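Structure record follows, encoded as structure tokens.
The values are calculated or read from the model by the stated rules, or taken from the named source; none is laboratory data. Because the structure is predicted, anything quoted here is derived from the model rather than measured. Here the Cβ is made from the backbone with ideal geometry for all residues, glycine too, and neighbour counts use every protein chain on show.
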Amino acid sequence: MSQVSLTETVSCDDGRRRWRSAVEGVLGAVGVTTGGRGDVSARSRTTQVGFVRVSDLEADAGGVRRTRAHIAEDTEPFAVFGVQERGTAVLTQAGRTVAAGPGTLFLWDAGAPYTLEHPTAFATRIVRLPCRVLAAGDTRAQAGGAVVPATAGLGLAVRALVDTLVTDEGTRSASIADLSAEGVANLYCALVAERERMSGAGRADTATDDPRRQLLARIRAHIDDHLADPELSPGTVAQAHHISVRYLHRLFEAEGVTVARYIRRRRLERCARELARRSVSPPTVSSIAQRWGFVSPAHFSRMFRAVHGHSPVEWRALRTSASPDAAALGDGPKA
């Protein structure tokens, strides 16, 4: 479904008001500035595919500013990234400034203050994802912003899928739309993880230089890859990496969490993420629990309530509703 908010050059007062409303519909509560005092030439088009909102913004020079007061106005947290089509986007966040030119993606933290300036006429595609569909930690993007080439690797994959969402609008079923939206969310999370890894690779004494940290990173990846296996345990993890269970526990002691608790936490995060997704034919709670390695539905419900403060059924109802109560749940587990 598309909504065209603004399509032509319009008069000064009316144009600025309508443009401000269109931008706020994309980026949440923000302060909007436009260049000059004459008429406003701008265009806004939004396509909703499942839980993903894709908005094309075209306008003359201008910018937005998001403060902590603006952030507090939004009822539901969201993650966002942009695909620069024309002109330059200059993003400033956490004391760092990056510039995104045509053919690049730029990521930033919508939950922290920032400014986004366009020195000249521009065209930008903005993708917005509700935080309820992302696992804890997947919404940070990269502190201060990051620019990613959209010509290769994950950047190209993200841009291609987003472009497909827009060009194939109206030709897909609701179930395919949900799967497409899930694909965007997964690629976004992968892109965030890659940027964080690359950022960490530039620092001394990180996992790339420390064999112990390398091993721990491989173990974490192994656990994530085998969460669906109900037999996953400290014993099977240690065996897969040719170390003793005792040494495995020593590795995780430095992380402040036991191996079993880490496995359980990752499983619960995956379950919470699936439960929060709106779907025409949502899977049952028990099938989601079994998919992520919980053998007993009753045990899963107890563990879920202990961590999230709500039963799986309550979590799904609140997270998939449009009421402000959904936002009150927050983005992550209690422990």
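Here are a few things to note about the model shown:
- Some residue of the range 105-126 being among the charged types (D, E, K, R) and either assigned to a loop (DSSP other than H, G, I, E, B) or under 22 Å from residue 185 (Cβ atoms) (or both): yes
- Contact map, the range 256-273: first residue under 20 Å from residue 239 (Cβ atoms), second residue in a helix (DSSP H, G or I) and of a type outside the set (A, V, I, L, M, F, W, C), Cβ cut-off under 6 Å, separation 6 or more or different chains; pairs are 259/234.
- Scanning the range 51-73 for residues that are over 30 Å from residue 175 (Cβ atoms), among the charged types (D, E, K, R) and in a strand (DSSP E or B) yields 58, 65, 66.
- Inclusion of residue 106 among residues that are at pLDDT 90 or above, under 30 Å from residue 279 (Cα atoms) and surrounded by 19 or more Cβ atoms within 10 Å (Cβ to Cβ) is warranted.
- If the condition is being closer than 18 Å to residue 182 by Cβ and out of contact with any helix residue (DSSP H, G or I) (no Cβ under 6 Å at 6 or more places or on another chain), then the range 285-312 contributes 287, 291.
- Restricting 94, 79 to those that are in contact (Cβ under 8 Å) with a residue 60 or more places away in the chain, of a type outside the set (D, E, K, R) and more than 17 Å from residue 120 (Cα to Cα) reduces the list to 79.
- Residue 136 more than 22 Å from residue 61 (Cβ to Cβ), over 14 Å from the mean Cα position of the chain (by Cα) and at pLDDT below 90: no
- Qualifying residue in the range 302-320 (condition: closer than 14 Å to residue 264 by Cβ, among the polar types (S, T, N, Q), over 21 Å from the mean Cα position of the chain (by Cα) and at pLDDT 90 or above): no
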